[in-house]
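The values are calculated or read from the model by the stated rules, or taken from the named source; none is laboratory data. What you see is a predicted model; the values in this text were computed from it and never measured. Neighbour counts run over all protein chains shown; Cβ positions are idealised from the backbone, glycine included. Keep in mind that these areas ignore ligands, DNA and RNA; they rest on the heavy atoms of the full protein, side chains included. Shrake-Rupley method; radii C 1.70, N 1.55, O 1.52, S 1.80 Å.
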Amino acid sequence: MTDSITIRTPDDWHLHLRDGAMLRAVAPETARHFARAIIMPNLVPPVVTGAHAAAYRDRILAALPEGSGFTPLMTLYLTEDTDPEDLARAHADGLITAVKLYPAGATTNSASGVTNFDKVRPVLEKMAEIGCPLCIHGEVVDSDIDIFDREAVFIERVLDPIRRATPGLRVVMEHITTMQGVEYASEGGPDLGATITTHHLVINRNHILAGGIKPHYYCLPVAKREEHRLALRRAATNGDPTFFLGTDSAPHTDANKLLPCGCAGCFTATNTLSILAEVFEQEGALDRLEGFTSLNGPNFYRLTPNDGTVTLTKGEPVIYPDHIDTGDGPVTVFDPLMPLHWRVAE
Ligand code: DOR
Ligand code: ZN
């Protein structure tokens, strides 16, 4: 029986760090075990220019514990006014690693996102030319489309047409939640990747809605039926390099989660590696954990994998705190509803 596994230091290819007191509380949680992360730009106001990205990167670096080697990989928030030249300069300077597309209204702080995809055509063409990846929140926002169908409809109506119209555009389907997402990504060739979150490997929609409403399991895209969760687990654990970890760890204070109209997001930065080791062990795929957390992402982003390693050991269940304290109030840590036997050796 395996009771220890050593993998290259992981990266998180989709992370929300927020700003101010929240940033200072959550950044160390990721920096403890991850070397790099793609940082989401959905602040208020959003990170829309190279200058904003540089200033935000400096605030993140200042929030890290002394001696942390963590590198934030910055993104720009795509709007209908994004200047292709500013974007190209920020990319050439190494200031940004990718650009994030939110359909306007799809999720938290997405109001400045894209409504008319024709308006961002010149930016997408510039990105294809310079090889800057586009990270996409893939859900339509039409009120007549059922929320559980919004990802599958987006693929058909928006994503596939954009990719056909923009050859060479490198795209990451962020936080996929459906078998349609898995299928489309796995057939998309080398210019298409997909991130999968930790929590979507663990919960289905029953966890949110059956036996009482559980706001801490509400995130976007919302967790789907069990058959979709199983498709995600197969995709993450079968060794296909298309799929890599993007936790979408998205902290909101309990006060903001437990409202009549509560915020979307699961906070998994604290216990993600323990949960993933448990999931991969359950799938008989511990030997593929490293590909998912540490190799497939750098391969897609054309970066070298990290030199360092982390070791996970198996033993008595690890107890994580049920929340972390932040200057803005407590943030609940995602409860995977199963004992976690794998801990990161310090
Ligand atoms: O659950 C989510 N939370 N999904 C998103 O797309 C955004 C995120 C957030 O920023 O809170
Ligand atoms: Zn996100």
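A Cβ distance below 8 Å, combined with a sequence gap of six or more or placement on separate chains, defines the contacts here; from region 303-321, residues that are open to solvent by 60 Å² or more (accessible area, probe 1.4 Å) reach residues that are among the basic types (Lys, Arg) and at pLDDT 95 or above in the pairs LEU303/ARG36; ASP307/ARG8; THR309/ARG8.
The numbered conditions (1) of a type outside the set (A, V, I, L, M); (2) open to solvent by less than 60 Å² (accessible area, probe 1.4 Å); (3) within 16 Å of ligand 2 (Cβ to nearest atom) are all true for ASN256 except (2). Selection of region 20-30 for residues being farther than 25 Å from PRO298 by Cβ and within 12 Å of ligand 1 (Cβ to nearest atom) yields only MET22. Looking only at residues of region 1-44 that are more than 15 Å from ligand 2 (Cβ to nearest atom) and part of a strand (DSSP E or B), we find that the one that is farthest from the chain's Cα centre (by Cα) is SER4. Scanning region 74-127 for residues that are outside any loop (DSSP other than H, G, I, E, B) and either within 16 Å of ligand 1 (Cβ to nearest atom) or within 16 Å of HIS14 (Cα to Cα) (or both) yields MET74, THR75, LEU76, TYR77, ALA98, VAL99, LYS100, LEU101, PRO103, VAL114.
Annotation note: of PHE267, PHE334, PHE292, the sole residue that is within 29 Å of TYR218 (Cβ to Cβ), at pLDDT 95 or above, among the aromatic types (Phe, Trp, Tyr) and away from ligand 2 (no atom under 16 Å from the Cβ) is PHE292.
Of the candidates THR2, THR9, the single residue that is at pLDDT below 95, touching a helix residue (DSSP H, G or I) at 6+ places or on another chain (Cβ under 9 Å) and not basic (Lys, Arg) is THR2. Collect the residues in region 45-73 that are part of a helix (DSSP H, G or I), within 28 Å of GLY105 (Cβ to Cβ), open to solvent by 10 Å² or more (accessible area, probe 1.4 Å) and hydrophobic (A, V, I, L, M, F, W, C), keeping them in residue-number order. If the condition is that a residue be part of a helix (DSSP H, G or I), within 28 Å of GLY105 (Cβ to Cβ), open to solvent by 10 Å² or more (accessible area, probe 1.4 Å) and hydrophobic (A, V, I, L, M, F, W, C), then ALA51, ALA55 are the ones that fit. Candidates in region 234-247 are the residues that are over 16 Å from the mean Cα position of the chain (by Cα) and not small (Gly, Ala, Ser); of these, the one that is surrounded by the most Cβ atoms within 10 Å (Cβ to Cβ) is THR237. Of all the criteria given as (1) within 17 Å of the chain's Cα centre (by Cα); (2) closer than 20 Å to PRO122 by Cβ; (3) not aromatic (Phe, Trp, Tyr), the one not satisfied by ALA88 is (1).
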